[in-house]
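Enquirer: One structure follows; several queries about it will come next.
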Amino acid sequence: MRSFRGSWSVAGLVAGFAGLAASYFVAMVLTTRDSPVTAVAELVTRLTPGPVVERAIRLLGHHDKQFLLLVILVLSGLLFAWAGRLARRSWWAPAIVFAVLGVVGGTAVSAERGSGAIDILPIAVGFATWLVCLSLLTDPLRRHERALAEEPDPDAAPGAPHPADHTRRTFLIRAGIIVASTTVVGTVGRVVGRGRRHVEEARRLLRLPGVTAPQLPEAVRVGLDGVTPWATPAGDFYRIDTAFVVPTIEPSDWQLRIHGMVDREVVLTYQELIDRQVTQGWVTLNCVSNPVGGNLIGNAWWSGVRIADLLAAAGVQPGADAVLQTSDDGWTCGTPLGALTDDRNAMLAFAMNGRPLPIEHGFPVRTIVPGLYGYVSACKWVVEMKVTRFADIEAYWTKRGWAELGPVKMSSRIDVPEDGGEVLASGGRVGGVAWAQHTGIQAVEISVDGGAWERAVIGGAPSPDTWVQWTARIDVEPGDHTLAVRGIDADGLVQTGEEQDVLPDGATGWHTIDFTATEATDG
Ligand SMILES: Nc1nc2c(c(=O)[nH]1)N[C@H]1C(S)=C(S)[C@@H](COP(=O)(O)O)O[C@H]1N2
Ligand SMILES: [Mo]
């Protein structure tokens with residue numbers, strides 16, 4: 001026991017695999033993406049010349065992937081052990097080994113299709129776990145070696161434990177705890193990842209009769225580069241939710257229960273839902289937390305079933321004024337009953353832009369209500385609707401100080417130029433978007449340097465439920481200026497310039513930017 005060399009390698013190994021497990025777990029929980037190790041395997045496969053891959057497949061059959069993963073894990077293990085031995089001399093040498101491995105993993109993850117900044121998070125968590133676990137393990141080893149180096153205490157009672165026994169025990173206990181946690185974390189990550197892949201597959205195989213692909217309505221585009229596209233692809237659609245782990249629900253497991261102040265409780269399965277008459281429409285959705293000029297807004301083609309019909313089938317009782325919606329993840333929102341039963345297209349949506357909802361946007365079913373902010377209406381992964389009274393309920397955000405009713409406030413935004421950008425002084429074009437869902441935008445106006453408001457040109461809209469693009473030409477002196485925008489809704493209401501913060505019921509004020517007007521350069 002006295003000579004304790006091998007323990008440094010063990011420390012490196014245990015810390016190393018703890019880091020890998022942590023990064024795997026975060027990757028499984030956070031994203032649709034592979035773990036860093038799998039990403040490395042994929043990158044290796046991609047960079048390996050075709051004939052070599054073919055030979056490997058011929059040799060190993062379909063186990064080639066597992067084999068590659070195994071090789072990577074064994075190589076990592078050797079490096080981890082080596083890093084542990086390096087820790088005996090210095091703390092930074094193993095950190096460099098881990099950092100290099102992290103960079104390799106990060107490169108592989110970034111090389112994957114459609115990866116974003118968030119995909120680096122697993123690597124960062126893994127790296128932190130490495131360092132913490134390694135120092136937890138090498139610290140008793142270091143004390144152990146010091147204790148061994150010291151002269152034995154001549155006064156110690158015969159048979160008394162040597163101080164080195166104590167540090168050895170500390171090391172073993174810590175290693176045991178880390179190994180156990182690594183196993184738990186790795187197993188949970190595997191279960192989460194498997195469930196997710198399963199749902200991903202079910203989603204891919206779904207066929208939704210009656211759901212049509214989005215077709216851009218006529219004349220919605222004003223044709224100015226840099227203005228936000230009128231239709232938002234699902235991948236670019238803003239995402240807001242409180243879910244740490246996004247619910248993954250098999251369509252065959254999904255049910256919606258409509259109950260509360262109704263004559264008949266209704267329980268609806270996914271099949272029953274998609275068998276109903278499909279309703280579709282372009283609806284712009286935005287977040288109450290969107291500041292003036294912010295981009296928590298998107299416009300998509302949604303397909304689903306009218307909620308009004310479902311509520312009618314359940315038979316809403318007199319006195320009800322709200323529907324408390326509950327998500328599979330426990331999130332709740334209180335929606336005004338009127339907005340779900342009037343002639344607007346409030347729907348239980350199962351498709352976005354002609355495809356089954358993306359998991360992040362509420363698969364398999366979410367609510368979409370034109371004219372209301374998301375926090376009071378757009379319940380993702382919705383599983384329960386309780387017909388009730390506002391007086392009797394509190395929902396996730398209303399408990400936290402946000403307003404009970406969340407009608408969308410008219411707003412408008414300048415996309416071109418960006419704040420601080422440049423425009424041609426004479427005839428330069430500016431543009432952006434404006435919205436007043438369920439009322440509609442009638443006009444957009446701009447003001448340069450606080451001067452008179454002038455009308456912009458607006459693009460078309462298929463209904464009052466979507467935003468519009470706008471554009472205008474300016475004619476100003478070269479130099480620095482400000483530009484402000486405001487909307488006018490279909491009722492003639494002019495967007496207020498009074499500035500209000502997002503809390504409690506949405507921001508107001510005119511989006512205003514600085515820009516530099518430049519002279520045309522010929523040539
Ligand atoms: N289950 C659940 N649904 C939710 C939320 C949430 O946190 N959990 N956030 C809401 C808010 S505040 C908004 S703005 C919209 C955003 O929908 P999106 O992520 O599809 O853009 O979802 C709403 N639905
Ligand atoms: Mo929101």
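The values are calculated or read from the model by the stated rules, or taken from the named source; none is laboratory data. Source: prediction; values computed, not measured. Please note: Cβ atoms are built from the backbone with ideal geometry, for glycine as well, and neighbour counts cover all protein chains shown. Side chains are part of the model used for accessible areas, which takes the heavy atoms of the whole protein and leaves out ligands, DNA and RNA. Shrake-Rupley method; radii C 1.70, N 1.55, O 1.52, S 1.80 Å.
Enquirer: Check whether at least one residue in segment 160-167 is open to solvent by 50 Å² or more (accessible area, probe 1.4 Å), modelled with pLDDT of 85 or more and either in the same structural domain as Leu20 (by TED's automatic domain parsing) or touching a Ser or Thr at 6+ places or on another chain (Cβ under 8 Å) (or both), and report yes or no.
Expert: Yes, that holds for at least one residue.
Enquirer: Does segment 177-188 contain at least one residue that is over 24 Å from Gly105 (Cα atoms), open to solvent by 20 Å² or more (accessible area, probe 1.4 Å) and without any contact (Cβ under 8 Å) to a residue 24 or more places away in the chain? Working first, answer last.
Expert: Taking segment 177-188 first, the residues over 24 Å from Gly105 (Cα atoms) are 177, 180.
Now drop any that are not open to solvent by 20 Å² or more (accessible area, probe 1.4 Å), which leaves 177, 180.
Right, trim to without any contact (Cβ under 8 Å) to a residue 24 or more places away in the chain and you get 177, 180.
Within segment 177-188, one or more residues are over 24 Å from Gly105 (Cα atoms), open to solvent by 20 Å² or more (accessible area, probe 1.4 Å) and without any contact (Cβ under 8 Å) to a residue 24 or more places away in the chain.
Enquirer: In contact with a Phe, Trp or Tyr (Cβ under 8 Å, 6 or more places away or on another chain), in the same structural domain as Leu268 (by TED's automatic domain parsing) and either buried (at least 21 other Cβ atoms within 10 Å of the Cβ) or not polar (S, T, N, Q) (or both): does that describe Arg355?
Expert: On the way: in contact with a Phe, Trp or Tyr (Cβ under 8 Å, 6 or more places away or on another chain): no; in the same structural domain as Leu268 (by TED's automatic domain parsing): yes; either buried (at least 21 other Cβ atoms within 10 Å of the Cβ) or not polar (S, T, N, Q) (or both): yes.
Taking the combined requirement at face value, the residue does not satisfy it.
Enquirer: Here's another thing I want to ask about it. Looking only at segment 501-516, filter to residues that are within 17 Å of Trp435 (Cβ to Cβ) and touching a Phe, Trp or Tyr at 6+ places or on another chain (Cβ under 8 Å); which one of those is most open to solvent (accessible area, probe 1.4 Å)? Reasoning before the result, please.
Expert: First, pick out the residues of segment 501-516 that are within 17 Å of Trp435 (Cβ to Cβ): 502, 505-511.
Next cut, touching a Phe, Trp or Tyr at 6+ places or on another chain (Cβ under 8 Å) only: 505-506.
Working: Asp505: 50, Gly506: 0 Å².
Among residues in segment 501-516 that are within 17 Å of Trp435 (Cβ to Cβ) and touching a Phe, Trp or Tyr at 6+ places or on another chain (Cβ under 8 Å), the one most open to solvent (accessible area, probe 1.4 Å) is Asp505.
Enquirer: Continuing with the same structure: Which ranges mark the strands (runs of 3 or more DSSP E) fully within segment 207-316 that have 2 or more residues being open to solvent by less than 50 Å² (accessible area, probe 1.4 Å) and not β-branched (Val, Ile, Thr)? If you could, list the steps in order and put the result at the bottom.
Expert: Working: elements: 255-260, 266-269, 279-286, 297-306.
Counting at least 2 such residues, we get 255-260, 279-286, 297-306.
Enquirer: Only one residue in Glu422, Glu404, Glu477, Glu498 is without any contact (Cβ under 8 Å) to a residue 24 or more places away in the chain and either exposed (fewer than 15 other Cβ atoms within 10 Å of the Cβ) or not β-branched (Val, Ile, Thr) (or both). Which one? Let's see the steps before the verdict.
Expert: Numbers: Glu422 fails: without any contact (Cβ under 8 Å) to a residue 24 or more places away in the chain; Glu404 fails: without any contact (Cβ under 8 Å) to a residue 24 or more places away in the chain; Glu477 fails: without any contact (Cβ under 8 Å) to a residue 24 or more places away in the chain.
Sole residue among the options that is without any contact (Cβ under 8 Å) to a residue 24 or more places away in the chain and either exposed (fewer than 15 other Cβ atoms within 10 Å of the Cβ) or not β-branched (Val, Ile, Thr) (or both): Glu498.
Enquirer: How many of the residues making up segment 22-39 are of a type in the set (A, V, I, L, M, F, W, C), surrounded by fewer than 24 Cβ atoms within 10 Å (Cβ to Cβ) and under 21 Å from Phe98 (Cβ atoms)?
Expert: Initial filter on segment 22-39 (of a type in the set (A, V, I, L, M, F, W, C)): 22, 25-30, 37, 39.
Within this subset, residues satisfying the condition of being surrounded by fewer than 24 Cβ atoms within 10 Å (Cβ to Cβ) are 26, 29-30, 37.
Those still in the list that are under 21 Å from Phe98 (Cβ atoms) too: 26, 30, 37.
The number of residues fulfilling the criteria is 3.
Enquirer: Counting only residues that are more than 19 Å from the chain's Cα centre (by Cα) and surrounded by 18 or more Cβ atoms within 10 Å (Cβ to Cβ), how many does segment 326-340 have? Don't jump to the end; show me each part of the working.
Expert: Quick first cut of segment 326-340, residues more than 19 Å from the chain's Cα centre (by Cα) only: 326, 333-340.
From what is left, the residues that are surrounded by 18 or more Cβ atoms within 10 Å (Cβ to Cβ) are 326, 333-337, 339-340.
Counting residues in segment 326-340 that are more than 19 Å from the chain's Cα centre (by Cα) and surrounded by 18 or more Cβ atoms within 10 Å (Cβ to Cβ) gives 8.
Enquirer: Follow-up. Determine whether Glu519 is surrounded by fewer than 20 Cβ atoms within 10 Å (Cβ to Cβ) and modelled with pLDDT under 95.
Expert: On the way: surrounded by fewer than 20 Cβ atoms within 10 Å (Cβ to Cβ): yes; modelled with pLDDT under 95: yes.
So Glu519 passes the test.
Enquirer: Could you go through segment 298-309 and let me know if any residue there is in contact (Cβ under 8 Å) with a residue 40 or more places away in the chain and near ligand 1 (Cβ under 10 Å from one of its atoms). Working first, answer last.
Expert: Start the filter on segment 298-309 by keeping residues that are in contact (Cβ under 8 Å) with a residue 40 or more places away in the chain, which leaves 298-307.
Of the ones still in play, those that are also near ligand 1 (Cβ under 10 Å from one of its atoms) are 298, 300.
Taking every residue of segment 298-309 in turn, at least one turns out to be in contact (Cβ under 8 Å) with a residue 40 or more places away in the chain and near ligand 1 (Cβ under 10 Å from one of its atoms).
Enquirer: Among all residue pairs at least 6 apart or on different chains, which show Cβ distances below 8 Å where the first residue, located in segment 227-244, is more than 18 Å from Gly293 (Cβ to Cβ) and the second is of a type in the set (D, E, K, R) and more than 9 Å from ligand 1 (Cβ to nearest atom)?
Expert: Matching pairs, first to second residue: Trp230/Arg221; Ala234/Arg355.
Enquirer: Say we look at segment 379-413 and pick out the residues that are more than 27 Å from Tyr270 (Cβ to Cβ) and hydrophobic (A, V, I, L, M, F, W, C); which of these is farthest from the chain's Cα centre (by Cα)?
Expert: The first filter runs over segment 379-413 and keeps only residues more than 27 Å from Tyr270 (Cβ to Cβ), leaving 389-392, 394, 397-413.
Narrowing the set further to residues that are hydrophobic (A, V, I, L, M, F, W, C) leaves 390-391, 397, 402-403, 405, 408, 410.
Numbers: Phe390: 30, Ala391: 33, Trp397: 19, Trp402: 22, Ala403: 24, Leu405: 25, Val408: 23, Met410: 26 Å.
For segment 379-413, the residue satisfying everything is Ala391.
Enquirer: Something else now. Kindly list, by first and then second residue, each pair from a residue in segment 369-394 that is closer than 20 Å to Pro251 by Cβ to a residue that is in a loop (DSSP other than H, G, I, E, B) and more than 8 Å from ligand 1 (Cβ to nearest atom), limited to pairs with Cβ atoms under 6 Å and residues at least 6 apart or on different chains.
Expert: Val382/Val365
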